[in-house]
Amino acid sequence: MMNTLKVYDIELTTRGPVFVGNGNELKKNEYFNIGRRKVVIPRLDLMYKDLVRMNRQRSYEDYMLRNNRLGLGQWLREERISDDYIQKWKKYELDCGDVISERGKQLQIMTCIKDPYGNPYIPGSSLKGMLRTILLAYDIRKNQDKYSSLKDEIERTVRTELHPKRMQFLSRQGKSVETAAFNTLHRPDTKSSDAVNDFMSGLIVSDSDPLTTDDLTLCQKIEHHVDGEDKNLNLLRECIKPGVRIHFTMTIDTSLCKLDDKDIMSAISDFAAVYYDMFLCKYKESDIPEDNTVWLGGGAGFVSKTVIYSLFGDDGIKLVPEIFAKTGVPQNHKHNKDKSLGVSPHIFKLTSYRGKMYEFGKCSVKITKKM
(Lines give C-alpha, C1' and ligand atoms only; values in the text may rest on other atoms or scores of the structure.)
Protein backbone atom coordinates (compact mmCIF):
# COMPACT_ATOMS: atom_id res chain seq x y z
CA MET A 1 0.00 0.00 0.00
CA MET A 2 1.33 3.41 -0.95
CA ASN A 3 2.34 5.64 1.97
CA THR A 4 0.41 8.91 1.65
CA LEU A 5 2.03 10.61 4.63
CA LYS A 6 4.77 13.22 4.33
CA VAL A 7 6.47 14.33 7.54
CA TYR A 8 8.29 17.64 7.98
CA ASP A 9 10.22 19.44 10.68
CA ILE A 10 9.18 23.05 11.14
CA GLU A 11 11.75 25.25 12.84
CA LEU A 12 10.60 28.65 14.06
CA THR A 13 13.28 31.10 15.14
CA THR A 14 11.90 33.97 17.16
CA ARG A 15 12.95 37.34 15.73
CA GLY A 16 10.87 39.18 18.29
CA PRO A 17 9.33 38.11 21.60
CA VAL A 18 6.50 35.60 21.10
CA PHE A 19 3.53 35.47 23.46
CA VAL A 20 1.00 32.63 23.48
CA GLY A 21 -1.09 33.17 26.59
CA ASN A 22 -2.91 30.76 28.86
CA GLY A 23 -5.54 33.34 29.85
CA ASN A 24 -4.11 33.88 33.33
CA GLU A 25 -2.73 36.97 34.99
CA LEU A 26 -0.30 37.13 37.90
CA LYS A 27 -1.72 39.26 40.69
CA LYS A 28 0.47 41.48 42.84
CA ASN A 29 0.38 38.90 45.64
CA GLU A 30 1.71 36.14 43.36
CA TYR A 31 5.14 37.51 42.43
CA PHE A 32 7.84 39.75 43.83
CA ASN A 33 10.65 41.85 42.43
CA ILE A 34 14.36 41.49 43.03
CA GLY A 35 15.68 45.00 42.50
CA ARG A 36 14.39 46.60 39.31
CA ARG A 37 15.50 43.92 36.86
CA LYS A 38 14.04 40.60 38.00
CA VAL A 39 10.58 39.27 38.76
CA VAL A 40 10.40 36.06 40.78
CA ILE A 41 7.41 33.71 40.61
CA PRO A 42 7.39 31.66 43.82
CA ARG A 43 6.08 28.21 44.67
CA LEU A 44 3.14 29.40 46.75
CA ASP A 45 2.64 25.96 48.31
CA LEU A 46 6.21 25.90 49.66
CA MET A 47 5.95 29.50 50.77
CA TYR A 48 2.74 28.88 52.71
CA LYS A 49 4.18 25.82 54.49
CA ASP A 50 7.18 27.84 55.67
CA LEU A 51 4.99 30.76 56.72
CA VAL A 52 2.95 28.35 58.87
CA ARG A 53 6.15 27.09 60.49
CA MET A 54 7.23 30.70 61.14
CA ASN A 55 3.84 31.54 62.72
CA ARG A 56 3.18 34.03 59.92
CA GLN A 57 0.06 32.20 58.72
CA ARG A 58 -2.43 34.67 60.23
CA SER A 59 -0.49 37.68 58.97
CA TYR A 60 -0.29 36.20 55.47
CA GLU A 61 -4.01 35.41 55.41
CA ASP A 62 -4.81 38.95 56.53
CA TYR A 63 -2.56 40.30 53.76
CA MET A 64 -4.28 38.15 51.14
CA LEU A 65 -7.71 39.33 52.27
CA ARG A 66 -6.84 43.02 52.38
CA ASN A 67 -7.70 45.13 49.35
CA ASN A 68 -4.57 47.27 49.08
CA ARG A 69 -1.71 48.09 46.74
CA LEU A 70 0.91 46.19 48.71
CA GLY A 71 2.86 43.75 46.54
CA LEU A 72 4.09 40.40 47.81
CA GLY A 73 7.68 41.62 47.96
CA GLN A 74 6.71 44.61 50.10
CA TRP A 75 4.79 42.38 52.50
CA LEU A 76 7.74 39.99 52.81
CA ARG A 77 10.02 42.91 53.64
CA GLU A 78 7.58 44.20 56.24
CA GLU A 79 7.55 40.72 57.79
CA ARG A 80 11.37 40.65 57.67
CA ILE A 81 11.48 37.36 55.80
CA SER A 82 15.07 36.55 54.86
CA ASP A 83 16.29 36.36 51.28
CA ASP A 84 17.26 32.74 51.88
CA TYR A 85 13.60 31.81 52.01
CA ILE A 86 12.82 33.83 48.90
CA GLN A 87 15.45 31.87 46.97
CA LYS A 88 14.11 28.60 48.37
CA TRP A 89 10.58 29.41 47.18
CA LYS A 90 11.62 30.47 43.68
CA LYS A 91 9.78 28.59 40.96
CA TYR A 92 11.41 30.63 38.18
CA GLU A 93 12.51 34.19 37.55
CA LEU A 94 12.13 36.53 34.61
CA ASP A 95 14.18 39.43 33.36
CA CYS A 96 12.26 42.73 33.23
CA GLY A 97 15.15 45.16 32.69
CA ASP A 98 13.44 47.16 29.90
CA VAL A 99 10.15 47.68 31.73
CA ILE A 100 9.05 51.26 32.32
CA SER A 101 6.22 51.56 34.83
CA GLU A 102 4.21 54.52 36.03
CA ARG A 103 4.74 55.19 39.70
CA GLY A 104 1.82 54.07 41.83
CA LYS A 105 0.37 51.77 39.16
CA GLN A 106 0.46 48.01 39.47
CA LEU A 107 1.86 46.10 36.50
CA GLN A 108 -0.28 43.40 34.93
CA ILE A 109 1.64 40.22 34.09
CA MET A 110 -0.03 37.93 31.56
CA THR A 111 1.36 34.40 31.69
CA CYS A 112 2.23 32.14 28.76
CA ILE A 113 0.96 28.64 28.18
CA LYS A 114 2.98 25.87 29.86
CA ASP A 115 2.84 22.09 29.91
CA PRO A 116 2.06 20.05 33.07
CA TYR A 117 5.76 20.21 34.01
CA GLY A 118 5.82 24.00 33.92
CA ASN A 119 7.71 24.23 30.61
CA PRO A 120 6.58 26.81 28.05
CA TYR A 121 5.62 25.60 24.58
CA ILE A 122 3.58 26.62 21.55
CA PRO A 123 0.46 24.56 20.80
CA GLY A 124 0.26 23.02 17.36
CA SER A 125 -3.19 24.60 17.00
CA SER A 126 -1.60 28.07 17.21
CA LEU A 127 0.88 27.30 14.43
CA LYS A 128 -1.74 25.60 12.26
CA GLY A 129 -4.11 28.55 12.73
CA MET A 130 -1.37 30.90 11.57
CA LEU A 131 -0.65 28.72 8.52
CA ARG A 132 -4.35 28.49 7.73
CA THR A 133 -4.65 32.28 7.58
CA ILE A 134 -1.55 32.51 5.38
CA LEU A 135 -2.76 29.80 2.99
CA LEU A 136 -6.21 31.37 2.78
CA ALA A 137 -4.71 34.75 1.93
CA TYR A 138 -2.53 33.13 -0.74
CA ASP A 139 -5.47 31.39 -2.41
CA ILE A 140 -7.39 34.67 -2.44
CA ARG A 141 -4.47 36.45 -4.09
CA LYS A 142 -4.08 33.74 -6.76
CA ASN A 143 -7.81 33.35 -7.50
CA GLN A 144 -9.40 36.77 -7.25
CA ASP A 145 -12.35 35.85 -9.49
CA LYS A 146 -13.38 32.99 -7.18
CA TYR A 147 -13.94 35.48 -4.35
CA SER A 148 -15.46 38.44 -6.23
CA SER A 149 -19.05 37.82 -5.12
CA LEU A 150 -17.93 37.20 -1.53
CA LYS A 151 -15.98 40.48 -1.60
CA ASP A 152 -19.11 42.31 -2.69
CA GLU A 153 -21.12 40.68 0.10
CA ILE A 154 -18.54 41.56 2.73
CA GLU A 155 -18.34 45.17 1.61
CA ARG A 156 -22.13 45.49 1.49
CA THR A 157 -22.45 44.01 4.98
CA VAL A 158 -19.82 46.33 6.44
CA ARG A 159 -21.47 49.38 4.91
CA THR A 160 -25.06 48.57 5.84
CA GLU A 161 -25.45 45.98 8.61
CA LEU A 162 -24.78 45.62 12.33
CA HIS A 163 -24.88 42.15 13.88
CA PRO A 164 -26.75 42.05 17.23
CA LYS A 165 -23.82 40.01 18.62
CA ARG A 166 -20.89 42.19 17.65
CA MET A 167 -18.23 39.48 17.85
CA GLN A 168 -20.18 37.43 15.27
CA PHE A 169 -20.12 40.29 12.77
CA LEU A 170 -18.93 38.94 9.38
CA SER A 171 -18.60 35.41 10.83
CA ARG A 172 -20.89 33.90 8.17
CA GLN A 173 -19.02 35.67 5.35
CA GLY A 174 -15.70 34.61 6.81
CA LYS A 175 -16.86 31.00 6.90
CA SER A 176 -17.92 31.26 3.26
CA VAL A 177 -14.46 32.53 2.25
CA GLU A 178 -12.81 29.61 4.07
CA THR A 179 -15.22 27.13 2.48
CA ALA A 180 -14.34 28.43 -0.97
CA ALA A 181 -10.63 27.98 -0.27
CA PHE A 182 -10.44 24.75 1.71
CA ASN A 183 -13.59 22.63 1.30
CA THR A 184 -12.62 20.74 -1.83
CA LEU A 185 -12.90 17.09 -0.75
CA HIS A 186 -16.55 16.60 -1.84
CA ARG A 187 -17.24 13.59 0.37
CA PRO A 188 -20.45 11.67 -0.43
CA ASP A 189 -23.66 12.66 1.37
CA THR A 190 -22.22 15.92 2.74
CA LYS A 191 -22.61 19.62 2.09
CA SER A 192 -19.67 21.56 0.71
CA SER A 193 -19.62 23.66 3.90
CA ASP A 194 -19.28 20.61 6.18
CA ALA A 195 -15.98 20.41 8.06
CA VAL A 196 -15.31 16.90 6.73
CA ASN A 197 -14.70 18.43 3.30
CA ASP A 198 -11.90 20.72 4.51
CA PHE A 199 -8.61 19.47 3.02
CA MET A 200 -6.71 21.09 5.91
CA SER A 201 -7.86 18.12 7.99
CA GLY A 202 -5.01 16.34 6.23
CA LEU A 203 -2.41 18.76 7.64
CA ILE A 204 -1.53 17.98 11.25
CA VAL A 205 0.86 20.05 13.36
CA SER A 206 2.24 18.76 16.66
CA ASP A 207 2.74 20.88 19.74
CA SER A 208 6.24 22.30 19.83
CA ASP A 209 9.07 20.62 21.66
CA PRO A 210 9.06 21.95 25.23
CA LEU A 211 11.19 24.97 26.06
CA THR A 212 12.45 26.02 29.50
CA THR A 213 11.63 29.01 31.69
CA ASP A 214 15.14 30.28 30.85
CA ASP A 215 13.74 30.94 27.35
CA LEU A 216 11.24 33.43 28.80
CA THR A 217 11.42 37.13 29.48
CA LEU A 218 8.92 39.81 30.50
CA CYS A 219 8.03 42.23 27.73
CA GLN A 220 6.05 45.42 28.02
CA LYS A 221 3.38 46.34 25.51
CA ILE A 222 4.29 49.57 23.71
CA GLU A 223 1.88 51.33 21.37
CA HIS A 224 3.86 52.84 18.51
CA HIS A 225 1.83 55.36 16.54
CA VAL A 226 2.34 56.10 12.86
CA ASP A 227 3.45 59.65 13.79
CA GLY A 228 6.33 58.19 15.81
CA GLU A 229 4.83 58.64 19.28
CA ASP A 230 5.24 55.75 21.74
CA LYS A 231 3.08 54.92 24.73
CA ASN A 232 4.23 52.41 27.36
CA LEU A 233 1.37 50.41 28.87
CA ASN A 234 1.37 48.80 32.32
CA LEU A 235 0.93 45.40 30.71
CA LEU A 236 3.66 42.76 30.73
CA ARG A 237 3.65 39.45 28.94
CA GLU A 238 5.67 36.32 29.58
CA CYS A 239 7.28 35.93 26.17
CA ILE A 240 9.68 33.57 24.47
CA LYS A 241 12.89 35.55 23.97
CA PRO A 242 14.22 36.59 20.56
CA GLY A 243 16.67 34.10 19.11
CA VAL A 244 15.03 30.92 20.42
CA ARG A 245 14.59 28.00 18.01
CA ILE A 246 11.32 26.08 18.34
CA HIS A 247 10.60 22.76 16.63
CA PHE A 248 7.30 21.22 15.49
CA THR A 249 6.43 18.15 13.43
CA MET A 250 4.03 18.65 10.52
CA THR A 251 2.41 15.62 8.91
CA ILE A 252 0.56 15.93 5.60
CA ASP A 253 -1.76 13.19 4.39
CA THR A 254 -1.42 13.69 0.64
CA SER A 255 -4.64 11.75 -0.03
CA LEU A 256 -6.48 14.69 1.54
CA CYS A 257 -4.13 17.66 1.33
CA LYS A 258 -2.08 18.27 -1.82
CA LEU A 259 0.16 20.90 -0.27
CA ASP A 260 3.89 20.47 0.22
CA ASP A 261 6.63 22.52 1.84
CA LYS A 262 7.19 24.61 -1.30
CA ASP A 263 3.51 25.59 -1.47
CA ILE A 264 3.52 26.65 2.18
CA MET A 265 6.74 28.65 1.85
CA SER A 266 5.38 30.43 -1.26
CA ALA A 267 2.27 31.39 0.70
CA ILE A 268 4.40 32.62 3.60
CA SER A 269 6.48 34.79 1.27
CA ASP A 270 3.38 36.31 -0.34
CA PHE A 271 1.74 37.02 3.03
CA ALA A 272 4.88 38.77 4.29
CA ALA A 273 4.86 40.97 1.17
CA VAL A 274 1.22 41.95 1.67
CA TYR A 275 1.83 42.61 5.37
CA TYR A 276 4.66 44.97 4.48
CA ASP A 277 2.86 46.76 1.64
CA MET A 278 -0.41 47.25 3.53
CA PHE A 279 0.94 47.98 7.00
CA LEU A 280 4.63 47.84 7.91
CA CYS A 281 5.82 50.25 5.23
CA LYS A 282 3.74 53.01 6.86
CA TYR A 283 6.14 52.99 9.80
CA LYS A 284 9.49 54.58 8.97
CA GLU A 285 11.52 52.34 11.27
CA SER A 286 10.26 49.08 9.74
CA ASP A 287 12.46 46.90 7.56
CA ILE A 288 11.24 44.81 4.62
CA PRO A 289 10.62 41.32 6.08
CA GLU A 290 12.47 38.36 4.63
CA ASP A 291 10.50 35.87 2.53
CA ASN A 292 10.33 33.33 5.38
CA THR A 293 8.87 35.74 7.95
CA VAL A 294 5.68 34.99 9.90
CA TRP A 295 3.92 36.60 12.87
CA LEU A 296 2.54 34.45 15.66
CA GLY A 297 0.73 34.90 18.95
CA GLY A 298 -0.59 37.76 21.06
CA GLY A 299 0.45 41.30 20.23
CA ALA A 300 1.26 40.43 16.62
CA GLY A 301 -1.63 42.66 15.60
CA PHE A 302 -4.77 42.61 13.50
CA VAL A 303 -3.11 42.74 10.07
CA SER A 304 -1.14 39.54 10.74
CA LYS A 305 -4.37 37.66 11.49
CA THR A 306 -6.72 38.84 8.74
CA VAL A 307 -7.26 38.28 5.02
CA ILE A 308 -9.07 41.61 4.53
CA TYR A 309 -6.04 43.15 2.83
CA SER A 310 -5.56 40.13 0.57
CA LEU A 311 -9.20 40.52 -0.48
CA PHE A 312 -9.42 44.31 -0.79
CA GLY A 313 -5.86 45.59 -1.18
CA ASP A 314 -5.59 49.34 -0.58
CA ASP A 315 -9.38 49.59 -0.20
CA GLY A 316 -8.98 47.68 3.06
CA ILE A 317 -7.67 50.87 4.68
CA LYS A 318 -11.17 52.33 4.31
CA LEU A 319 -12.97 49.12 5.26
CA VAL A 320 -11.03 48.06 8.36
CA PRO A 321 -11.98 51.09 10.53
CA GLU A 322 -15.64 50.39 9.79
CA ILE A 323 -15.16 46.75 10.83
CA PHE A 324 -13.56 47.96 14.07
CA ALA A 325 -16.49 50.30 14.71
CA LYS A 326 -19.02 47.49 14.28
CA THR A 327 -17.16 44.92 16.36
CA GLY A 328 -16.90 47.05 19.48
CA VAL A 329 -13.29 48.21 19.36
CA PRO A 330 -13.15 51.00 22.01
CA GLN A 331 -13.47 54.53 20.66
CA ASN A 332 -10.37 55.65 22.56
CA HIS A 333 -8.35 53.66 20.01
CA LYS A 334 -9.36 56.43 17.57
CA HIS A 335 -9.61 54.26 14.47
CA ASN A 336 -11.68 57.01 12.87
CA LYS A 337 -8.28 58.60 12.13
CA ASP A 338 -7.03 55.58 10.18
CA LYS A 339 -8.29 56.68 6.75
CA SER A 340 -6.62 60.09 6.94
CA LEU A 341 -3.38 58.54 8.21
CA GLY A 342 -3.36 56.00 5.36
CA VAL A 343 -2.97 52.92 7.55
CA SER A 344 -5.38 50.81 9.59
CA PRO A 345 -4.83 50.15 12.39
CA HIS A 346 -2.59 53.18 12.95
CA ILE A 347 -1.05 51.72 16.12
CA PHE A 348 1.79 49.22 15.87
CA LYS A 349 2.44 47.00 18.92
CA LEU A 350 6.11 46.80 19.81
CA THR A 351 8.22 45.91 22.79
CA SER A 352 11.73 46.54 24.05
CA TYR A 353 14.23 43.80 24.83
CA ARG A 354 17.80 44.55 25.92
CA GLY A 355 17.54 48.10 24.67
CA LYS A 356 16.25 47.25 21.19
CA MET A 357 12.74 47.56 19.79
CA TYR A 358 11.05 44.43 18.43
CA GLU A 359 7.79 43.42 16.79
CA PHE A 360 5.71 41.06 18.88
CA GLY A 361 5.46 37.59 17.38
CA LYS A 362 7.91 38.01 14.50
CA CYS A 363 9.59 34.72 13.53
CA SER A 364 11.45 33.14 10.66
CA VAL A 365 10.38 29.68 9.52
CA LYS A 366 12.20 26.76 7.91
CA ILE A 367 10.47 23.57 6.73
CA THR A 368 12.53 20.42 6.17
CA LYS A 369 11.21 17.10 4.92
CA LYS A 370 11.90 14.28 7.38
CA MET A 371 10.55 11.24 5.53
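The values are calculated or read from the model by the stated rules, or taken from the named source; none is laboratory data. In this text the structure is predicted, and so the values were computed from the model without any measurement. Note: ideal-geometry Cβ built from the backbone for every residue, glycine included; neighbour counts use all protein chains shown. Accessible surface areas use protein heavy atoms only, side chains included; no ligands, DNA or RNA. Shrake-Rupley method; radii C 1.70, N 1.55, O 1.52, S 1.80 Å.
Candidate cross-link partners of Lys28 among the aspartates and glutamates, defined by an alpha-carbon separation under 16 Å and a same-chain spacing of 8 or more, comprise Glu61, Asp62, Glu78, Glu93, Glu102, Glu238.
Label region 133-289 by shape, choosing from rounded, prolate and oblate, from the square roots a ≥ b ≥ c of the eigenvalues of the Cα gyration tensor; if a/c is under 1.5 it is rounded, and otherwise prolate applies when a/b is larger than b/c, oblate when it is not. Note, shape of region 133-289 comes out oblate.
With a 1.4 Å probe and all protein chains left in place, how much of the accessible area of region 226-371 comes from carbon and sulfur atoms, in whole percent? The C+S portion of the solvent-accessible surface of region 226-371 is 49 percent. For the chain, relative contact order (Cα pairs under 8 Å, six or more residues apart, normalised by length) works out to 30 percent. Past 18 Å, Cα to Cα, is the threshold; run Lys241/Lys356; Lys262/Lys369; Lys88/Lys114; Lys175/Lys339 against it and keep the listed order. Long pairs (Cα-Cα over 18 Å): Lys88/Lys114; Lys175/Lys339.
Centre-to-centre separation between the Cα atoms of region 339-364 and those of region 298-315: 14 Å. Specify which residue in the list Ile268, Gly71, Gly129 is farthest towards the positive end of the charge dipole of the chain, using unit charges on the beta carbon of Lys, Arg (+1) and Asp, Glu (-1), about the Cα centre. Result: Gly71. In the chain, taking the dipole from charged Cβ atoms about the Cα centre, the farthest positive-side position among Leu280, Gly298, Gly174 is held by Gly298.
An oblate overall shape is assigned to region 214-364, the ratio a/c of its alpha-carbon gyration tensor axes (a ≥ b ≥ c) being 1.5 or greater and a/b not exceeding b/c.
Under 5 Å between amide hydrogens, built in the peptide plane, is the criterion, and for Asp207 it picks out Gly124 among residues at least 5 positions away or on other chains. DSSP assigns beta bridges within the chain; of those with both partners inside it, close to 95 percent run antiparallel. By the combined test of axial Cα extent (at least 20 Å) and Kyte-Doolittle hydropathy (mean at least -1.0), the qualifying DSSP H helices of the chain come to 124-142, 261-278.
With a simple spin-label model that places each label point 7 Å from the Cα along the Cα-to-Cβ direction, the separation between Ser149 and Leu233 comes to 4.0 nm. Taking amide hydrogens as placed 1.01 Å from N in the peptide plane, the amide H of Tyr353 sits under 5 Å from those of Tyr358, each at least 5 positions away in sequence or on another chain.
Evaluated with a Cβ-only charge set (Lys, Arg +1; Asp, Glu -1), the chain carries a dipole of roughly 1000 debye about its Cα centre, given to the nearest 20.
Subtracting the Cα-Cα distance of Met265 and Lys356 from their residue separation scaled by 0.36 nm leaves 29.9 nm. Under 5 Å between amide hydrogens, built in the peptide plane, is the criterion, and for Lys91 it picks out Ile41, Arg43 among residues at least 5 positions away or on other chains. Rounded to the nearest 20, the size of the Cβ-charge dipole of region 63-175 about its Cα centre is 440 debye, with Lys and Arg at +1 and Asp and Glu at -1.
Near Lys337, which lysines are there with a Cα under 20 Å away, not counting those fewer than 8 places off in the same chain? Reachable lysines: Lys231, Lys282, Lys284, Lys318, Lys326, Lys349.
For Val320, the shell of other residues with beta-carbons less than 15 Å away shows a net charge of +3, using +1 for Lys and Arg and -1 for Asp and Glu. Working note: Karplus 6.51/-1.76/1.60 with θ = phi - 60° gives region 246-259 the couplings 10, 10, 10, 10, 10, 10, 10, 8, 5, 6, 10, 10, 8, 6 Hz, where Gly and Pro are set to x. Separation of region 8-37 and region 160-193 by C-alpha centroid, Å? So the two Cα centres are separated by 34 Å. Averaged per residue, the chain has 53 square angstrom of accessible surface, using a 1.4 angstrom probe with ligands and nucleic acids left out. Our coupling estimate for region 352-357, obtained by passing each phi through the Karplus curve with A = 6.51, B = -1.76, C = 1.60 and θ = phi - 60°, is 10, 9, 6, x, 10, 7 Hz, Gly and Pro reported as x.
Within the listed set Gln108, Gln57, Gln144, the residue fluctuating most in the Gaussian network model of the chain (springs between alpha-carbon atoms under 10 angstrom) is Gln57.
Let me know the Kirkwood hydrodynamic radius for region 228-315, please, with Cα pairs as the basis and the value in Å to one decimal. Computed over Cα pairs of region 228-315, the Kirkwood hydrodynamic radius comes out at 15.9 Å. For region 71-222, the equivalent ellipsoid built from the Cα gyration tensor has semi-axes of 47, 22, 14 Å, listed from largest to smallest.
Positive contributions from Lys and Arg (+1) and negative ones from Asp and Glu (-1), summed over other residues with Cβ under 12 Å from the Cβ of Gln57, come out at 0. Can you tell which of His247, His163, His335 shows the greatest fluctuation in a Gaussian network model of the chain with Cα springs below 10 Å? In the Gaussian network model the winner is His163. If a/c stays under 1.5 just call it rounded; otherwise compare a/b with b/c (prolate if a/b is bigger, oblate if not). Do that for region 174-227, with a ≥ b ≥ c from the square roots of the Cα gyration tensor eigenvalues. Oblate. Comparing Asn55, Asn292, Asn143 in a Gaussian network model of the chain (Cα springs below 10 Å), the most mobile by mean-square fluctuation is Asn55. Of Met64, Met47, Met54, Met278, the residue with the largest accessible area leads and the full order is Met64, Met54, Met278, Met47 (1.4 Å probe).
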